[in-house]
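Shown next, in structure tokens, is the structure this report addresses.
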Amino acid sequence: MNSVTIARYCYALMFAALVTCAPAQAEKRVALVIGNSAYKSVPKLANPANDAGLIGGMLRKAGFDTVDVRQDLSAPEMRKALREFGARTRDADVAVIYYAGHGLEVDGTNYLIPTDAALETDTDVYDEALPIDRVLVSIEPAKQLRLVILDACRDNPFSKTMKRTVASRAIGRGLAKVEPTSPNTMIAFAAKAGSTASDGDSRNSPFAVALSEHLPKPGLDLRKAFGFVRDDVLRSTANKQEPFVYGSLGGDDVPLVPARPVATGPQANPQSELRRDYELALQLATRDGWEAFLAQYPDGFYANLAKGQLNKIAAEETRSAAEQKAKAAEQEKARLIAERAQKAEQEKAAAAAKAAEDARIAAEKQKQIEQAKAEAAERERKAAEAAAAKALAEKQAAEKAKAELAAKQAAERAEQAAKPAADRQLPEVENQKVAALSPAPTSTLSATDLTKSVQGELRRVGCLSAVPDGDWNTASQRSLALFNKYAGTQFDVKFASYDALNGLKAKPGRVCPLVCNFGFRADGDQCAKITCRAGYQVSEDNECEKIPERKPSPAARSEPRKRDQDRRDAESAAPKSQASGQMVCGGAGCRPVAKGCRLGTTKLNNGVTATTEICN
């Protein structure tokens, strides 16, 4: 039995003893998550609602018994939520409150601002906002851990517009430092007291992203977890935002998620034994240990890492041998000088000492290079193992969530099939409650599939006419806005969400009214053309009405009389000449010029010129 196998056996015995002696004790953990985005008196915040959804989902995955997620609460609603949560903490071991939104510090006291607050003057904060002490009272009954997380250090617009009634009243930038008086109580700020936090350029704030990454790690002490959160936020904000934690805990580790017991059966990862042997050899850090490891595992990723460790050990041995040789050369040089050796021998010894020193320096550099390579390879190994473990955990969680969702949907379909149709049609108020209180399902749908599902549900309830294509465009946003209008919901229309999908699925039938073009009327879920019987036509009100009789206009009524008058005038007029149409008049009257004649002038006997009829 080699040294690696012996060490592995000892570690296994120690671990088995620890697992056997560990007490099995279930803790009751409850949480309240509030995200205020839609403020009525100041511009809307982009991320608090998203951050509340992210933290709520993280706490559910962490195994909390109850996680109550509330969004866009008014002052009465926030007080009611804290009162109800306080009742749940009376028999709880761990109580957590997360708040994202606007916060304000007045005269050293921190206040959480509801969405309906106006805060026109500095004294309005006492009536329209909630002090942090009210939050601490609601978690005080918890037995082991009380945690308040405030992502409320944003640049507050209320402090800029608020009128001051007393010049000496101080309104701070960010939140003020808080020292909890109850034991085992921690208050975490997104930014240090007196400074502001970033809302972030993405869907979630940097603080919320770091919390969701580190808080749910099983067995990780909260103080260390918040230290990792601080490092991530400083890194992502270029050292502009530093989270801070106030309060203290005892000497024992206090994780938000208890450490998971290690399974004693066969491991899912086939390389777990190989990795364990590698880590044991890494702890030994000897040539014999690495050679034994390579004899057992001559090929593969870990074998390459072991060879790198051997190279590092070889470089160290070469450096040590060169250093010893350099010391021997120095001693020889000193001896020759002491014995007054000849100059040539002294120079030769000096050259040998210099060569030995150069060799030592080169060996030292080579050792540093090999050590750097080994450290880099070790970092890559840990990163690869972490990535593989994370991928395996995500895959298992996704498969579990998918199975739970399928079972839930099958149960719902069976329940709906068993109920009569009248029982399945819930009142509108109940549908709104279900849509508001149902948690977002854990699903593995992609963004495109989620969008298609929401579009399909909008089409089913009559709010969308286009075919689902996975593109959340302006038409899809208008359709969700119509659904909010007629269903009384407040889903965000900028993107397709699981909350909107659940709210749509809760509606059994059409929600948006059917709108038909002129000449058509609604017939169930389709538009049918309006057909009127003879003598009737479609009116402007889209109804059949009788065609009115047309009455002649005054001009039309006078037309027959005008024609009769023209006829009588034509009959009474003298007949026209069939010749030239000229007339000749005399004492006996006028008559037409005779055929073959014409009018002309002639001179009478008395010398007067007159017009008369001239014939050939």
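Miscellaneous remarks
- Test for V96: is it touching a His at 6+ places or on another chain (Cβ under 9 Å) and not in a helix (DSSP H, G or I): no
- Filter pass, L150 being open to solvent by less than 20 Å² (accessible area, probe 1.4 Å) and either closer than 23 Å to K28 by Cα or touching a helix residue (DSSP H, G or I) at 6+ places or on another chain (Cβ under 7 Å) (or both): yes
- Restricting attention to the stretch 180-208, the residues that are among the hydroxyl-bearing types (S, T, Y) and closer than 24 Å to D133 by Cβ total 5.
- C597 loosely packed, with under 10 Cβ neighbours inside 10 Å, among the hydrophobic types (A, V, I, L, M, F, W, C) and modelled with pLDDT of 65 or more: no
- Here the condition is being of a type outside the set (D, E), over 15 Å from F158 (Cβ atoms), exposed (fewer than 15 other Cβ atoms within 10 Å of the Cβ) and over 22 Å from the mean Cα position of the chain (by Cα); of K28, K80, it holds for K80 alone.
- Members of the stretch 285-302 that are surrounded by fewer than 16 Cβ atoms within 10 Å (Cβ to Cβ), aliphatic (A, V, I, L, M) and under 49 Å from the mean Cα position of the chain (by Cα): A285
- Residue count for the stretch 19-51, restricted to those that are acidic (D, E) and either at pLDDT 90 or above or not in a loop (DSSP other than H, G, I, E, B) (or both): 1.
- Sub-9 Å Cβ pairs linking a first residue in the stretch 89-100 that is farther than 18 Å from S205 by Cβ to a second residue that is part of a strand (DSSP E or B) and charged (D, E, K, R), at least 6 apart or interchain, are T89/R146; A92/R29; D93/R29; V94/R29; V94/R146; A95/R29; A95/R146, ordered by first then second residue.
- Residue within the stretch 432-449 that is within 31 Å of the chain's Cα centre (by Cα), at pLDDT 90 or above and not β-branched (V, I, T) present: yes
- Residues being touching a Ser or Thr at 6+ places or on another chain (Cβ under 9 Å) and modelled with pLDDT of 70 or more are represented in the stretch 545-567 by at least one member.
- Counting the residues of the stretch 87-107 that are buried (at least 16 other Cβ atoms within 10 Å of the Cβ) and among the acidic types (D, E) gives 2.
- Count of residues meeting criterion [surrounded by 11 or more Cβ atoms within 10 Å (Cβ to Cβ), in a loop (DSSP other than H, G, I, E, B) and either of a type in the set (G, A, S) or in contact (Cβ under 8 Å) with a residue 60 or more places away in the chain (or both)] in the stretch 510-553: 2
- Residue count, the stretch 292-328 (criterion: of a type in the set (D, E) and more than 19 Å from Q371 (Cβ to Cβ)): 1
- Of all the numbered requirements in (1) surrounded by 15 or more Cβ atoms within 10 Å (Cβ to Cβ); (2) free of Cβ contacts under 8 Å to residues at least 60 places away in the same chain; (3) not in a helix (DSSP H, G or I), L310 misses one, and that requirement is (3).
- Only one of R203, R275 that is open to solvent by 30 Å² or more (accessible area, probe 1.4 Å), assigned to a loop (DSSP other than H, G, I, E, B), modelled with pLDDT under 90 and not hydrophobic (A, V, I, L, M, F, W, C): R203
- So A326, is it without any contact (Cβ under 8 Å) to a residue 60 or more places away in the chain and surrounded by 16 or more Cβ atoms within 10 Å (Cβ to Cβ): yes
- Residues in the stretch 493-509 that are outside any helix (DSSP H, G or I), of a type outside the set (D, E, K, R) and touching a residue at least 24 places away in the same chain (Cβ under 8 Å): 5 in all.
Residue-by-condition table, conditions (1) open to solvent by 10 Å² or more (accessible area, probe 1.4 Å); (2) closer than 20 Å to P258 by Cα:
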{"position": "G35", "(1), (2)": "no, no"}
{"position": "N47", "(1), (2)": "no, no"}
{"position": "L59", "(1), (2)": "no, yes"}
{"position": "T109", "(1), (2)": "yes, no"}
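- Residues located in the stretch 356-382, provided they are hydrophobic (A, V, I, L, M, F, W, C) and either open to solvent by 60 Å² or more (accessible area, probe 1.4 Å) or in contact with a Leu (Cβ under 9 Å, 6 or more places away or on another chain) (or both): I361, I369, A374, A377
- Filtered residues of the stretch 220-241 (kept if within 19 Å of A176 (Cα to Cα) and at pLDDT below 90): K240, Q241
- Exclusive hit being touching a Gly at 6+ places or on another chain (Cβ under 7 Å) and among the charged types (D, E, K, R), set E105, E84: E105
- Set F483, F491: member being open to solvent by less than 60 Å² (accessible area, probe 1.4 Å) and under 19 Å from D525 (Cα atoms): F483
- Residues of the stretch 113-131 classified as open to solvent by 10 Å² or more (accessible area, probe 1.4 Å) and without any contact (Cβ under 8 Å) to a residue 60 or more places away in the chain, total: 8
- Listed by first and then second residue, the pairs with beta-carbon distance under 9 Å, at least 6 apart or on different chains, first residue in the stretch 40-51 and of a type in the set (S, T, N, Q), second part of a helix (DSSP H, G or I), are S41/F158; S41/T161; N47/A208; N50/A208.
- A353 part of a helix (DSSP H, G or I), surrounded by 13 or more Cβ atoms within 10 Å (Cβ to Cβ) and out of contact with any Gly (no Cβ under 7 Å at 6 or more places or on another chain): yes
The values are calculated or read from the model by the stated rules, or taken from the named source; none is laboratory data. Keep in mind that what you see is a predicted model, and the values were worked out from it rather than measured. No Cβ is skipped: glycine too gets one built from the backbone with ideal geometry, and neighbour counts run over all protein chains shown. To get the accessible areas, we keep the full protein, side chains included, count just its heavy atoms, and leave off ligands, DNA and RNA. Shrake-Rupley method; radii C 1.70, N 1.55, O 1.52, S 1.80 Å.
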